[in-house]
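J.: Quick one: the structure is below, questions incoming.
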Amino acid sequence: MTSAPTSVDPAPRPEPEPEPESTNRLDGASRLRVFAVILVVVLFAEIAALQYTMVASAARQIAPSFPGVGANISWMVIIFGLVGGATTPLLGKLSDLWGKRRTMLLTGVSFAVGTLICALTHTWWVFLVGRGLEAVAISAPTVAYGLFRDILPRRYIPAAIGVIATGLGMSALAAPLIGGSLVDAHGWRWLFWFLLVFVGVMVPLMWLVVPESTLRTRQRLDIGGALLLGGGVGLILVYLSNGTTWGWGRLDSLGYLLGGLAMLVAFLLVERVVEQPIMDPRLLMSPRVLMILGAASLGSMVIGIQGYSIPYMLQTPNEQQLHASILQVALSGGAGQTLPPAMAPLFHTVFNSTLAFGLGASLLAYGYYSAVYSGGVGMLSGAGAGELARKTGPRLPLVVAMATFTLSTVLYAYFPHSTWQYGLFAAVFGIGFGAFYAACPNLMMEAVPARQQGISAGMLGVVNSLATSVGTGALTAFLAGHALQVKVQITGVPEATTGGFHPVTSLYGFAGYQDGLLLAAGCGAAGLVVALLMRHGRTPATGGATTDQG
């Protein structure tokens with residue numbers, strides 16, 4: 001029995017198109033079946049993060065295999081973010097049109113082909129082509145959000161969303177150990193052989209275990225909009241990735257930035273007039289979506305700054321190590337004049353910065369001292385924050401994320417840096433990391449209709465990529481202004497003879513890191529204000545039920 005309406009809404013809210021009767025949702029499936037689907041999708045979505053942890057850390061071992069590349073070895077990392085950032089929104093939209101599992105399988109095949117090329121080639125540009133093909137897999141997590149929305153029982157969706165980004169420990173915990181062992185024992189090419197086996201197992205599992213969503217957006221792909229969006233993001237990422245090397249203010253560098261911004265402005269203008277836009281501009285510019293993207297930008301700035309600064313800080317030698325290294329150079333004549341061994345006790349070094357933050361850690365030790373805590377805690381926090389979103393709403397995990405982001409960066413900036421403190425600070429950051437990546441996708445899922453899920457998640461991925469690059473670029477600029485310098489003093493020798501301060505190659509003073517960390521703290525605090533003011537996400541997450549059904 002229904003009651004008659006008592007009033008007429010003078011401005012009724014447009015009703016979203018209802019969800020189809022069937023999207024292959026696993027409502028009648030056993031818990032084992034549901035967990036198997038979650039496990040396979042999450043492991044598949046970890047492919048890009050797994051390779052990044054392994055391959056980026058092996059740049060020094062890879063460089064000698066391509067003579068003459070020199071500093072351009074950094075392009076093996078740059079091109080991954082560049083291609084991934086440019087293709088994520090396109091593949092997100094394709095998942096709305098063609099199917100989400102099908103799109104994820106496409107990214108897996110592209111990754112496998114690229115990985116095989118990287119494992120076999122001895123030509124630099126061919127290696128970069130392989131890296132570009134691998135980069136397509138960056139979009140897998142964003143597509144997985146929509147796939148979970150379509151096929152999982154509603155009660156599992158918020159927590160499963162939180163697990164996607166933080167993963168099951170492969171990239172955060174296992175990758176440093178596996179990668180280090182493979183490189184030490186067999187060489188860097190074995191990293192790619194391992195990754196090829198991994199994706200070779202995951203693609204068939206994805207095909208056999210995970211059902212395809214039957215939900216489709218019935219429209220043509222807006223090729224012009226896709227090219228403008230992907231091209232604009234790509235040009236901006238080129239600028240952000242190379243600004244430190246090229247010069248931020250040089251006209252040829254600014255051309256990439258201005259060209260990218262012009263393409264994004266053109267994208268917004270074109271999308272307002274085309275009949276079937278890649279993403280509805282009204283939805284993109286709605287207050288809910290804009291606040292989510294704003295919060296995501298601020299959080300990703302923190303992640304970019306911490307992700308770059310903490311490994312460098314840990315691996316910076318302490319004063320005793322640097323003194324011994326410089327003394328060894330002087331004794332061997334590497335400084336231009338051989339120092340008699342008898343003068344070694346008279347040899348002193350003075351640095352223009354404290355080095356109390358440096359532990360002289362190896363890459364593997366960095367994993368033990370920091371990454372294992374941030375990754376392990378983040379993995380647990382992501383699942384827990386997703387469950388919290390289901391019970392209280394996804395806004396609260398965002399508040400937790402921004403508060404812990406702010407706290408962790410302040411701790412790094414002002415407190416001492418021993419091994420246990422690095423681990424503690426990393427654990428605090430891990431709480432925020434997991435909560436952040438659980439909150440933002442769940443907030444977006446509750447804000448957009450199902451048929452826009454792929455492209456909206458893609459836009460969230462684009463914002464994360466751009467903001468992470470901005471944070472990294474800002475930190476790099478701070479560090480460039482605080483290069484570490486050393487002054488050598490020898491007892492009984494006039495200071496004018498030994499000279500003043502001289503730069504120490506590729507090392508930076510603490511003031512540069514502190515400035516970057518304080519910028520991150522400011523971003524975290526601003527994000528906390530956004531989260532506290534946010535009206536959206538204050539009710540329990542439904543797994544998209546409210547936006548799917550109106």
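Every read-out reported here was derived from the displayed coordinates using simple, explicitly stated rules and does not represent laboratory data. The shown structure was predicted, so the numbers you read here are calculated from the model rather than taken from an experiment. Please note: Cβ atoms are built from the backbone with ideal geometry, for glycine as well, and neighbour counts cover all protein chains shown.
J.: Return the whole-Å distance between the Cα centroid of the stretch 287-317 and the Cα centroid of the stretch 121-198.
T.: 20 Å
J.: What angle do you read, to the nearest 10 degrees and between 0 and 90, between the alpha-carbon axis of helix 251-271 and the longest principal axis of the chain?
T.: Once rounded, one gets 10 degrees.
J.: A follow-up question, please. Mean residue ellipticity at 222 nm from the helices of the chain, using -39,500 (n - 2.57) per DSSP H segment of n ≥ 4 over the full residue count, to the nearest 500 deg cm²/dmol?
T.: -22000 deg cm²/dmol
J.: Any idea what angle helix 124-135 forms with the longest principal axis of the chain, computed on alpha-carbon atoms, 0 to 90 degrees, nearest 10?
T.: 40 degrees
J.: Against the longest alpha carbon principal axis of the chain, how many degrees, from 0 to 90 and to the nearest 10, is the axis of helix 47-56 turned?
T.: On a 0 to 90 degree scale, this one is about 10.
J.: If you don't mind, another one. Amide H to amide H under 5 Å from Val504: which residues, 5+ apart in sequence or cross-chain, H placed 1.01 Å off N in plane?
T.: Here the answer is Leu484, Gln485, Val486, since their amide H atoms fall under 5 Å of that of Val504.
J.: How far apart, in nanometres, would the label points at Leu268 and Asp27 be if each is projected 7 angstrom from Cα along the Cα-to-Cβ direction?
T.: Label at Leu268, label at Asp27, 4.1 nm between them.
J.: Highest mean first, how do 406-412, 186-192 rank when packing is the count of other Cβ atoms within 10 Å averaged over residues?
T.: Those peptides, ordered most packed to least, come out 406-412, 186-192.
J.: Please list 133-143, 460-470 highest first by mean number of surrounding beta-carbon atoms within 10 Å per residue.
T.: 133-143, 460-470
J.: Mind listing the long-range amide H neighbours of Thr349? Cut-off is under 5 Å, sequence gap 5 or more, other chains count too, H placed in the peptide plane at 1.01 Å from N.
T.: Those lying under 5 Å, H to H, from Thr349 are Gln489.
J.: Among the lysines, which fall within straight-line cross-link reach of Lys391, defined as a Cα-Cα distance under 17 Å, with same-chain neighbours fewer than 8 residues apart omitted?
T.: List returned: none.
J.: Evaluate the charge dipole of the chain about its Cα centre and quote only its size in Debye, nearest 20, assuming +1 on the Cβ of each Lys and Arg and -1 on the Cβ of each Asp and Glu. Walk me through the numbers before you get to the answer.
T.: Details: 28 positive and 23 negative charges, 130 e Å.
Using Cβ point charges on Lys, Arg, Asp and Glu, the chain gives about 620 debye.
J.: For Cα pairs less than 8 Å apart in space and 6+ apart in sequence, what is the mean separation divided by the residue count of the chain, i.e. the relative contact order in percent?
T.: Rounded, it is 22 percent for the chain.
J.: Select one label from (1) 1.28; (2) 1.02; (3) 0.97: the one whose number is Rg/Rh (Cα atoms, Kirkwood Rh) as derived from the coordinates shown.
T.: Correct label is (2).
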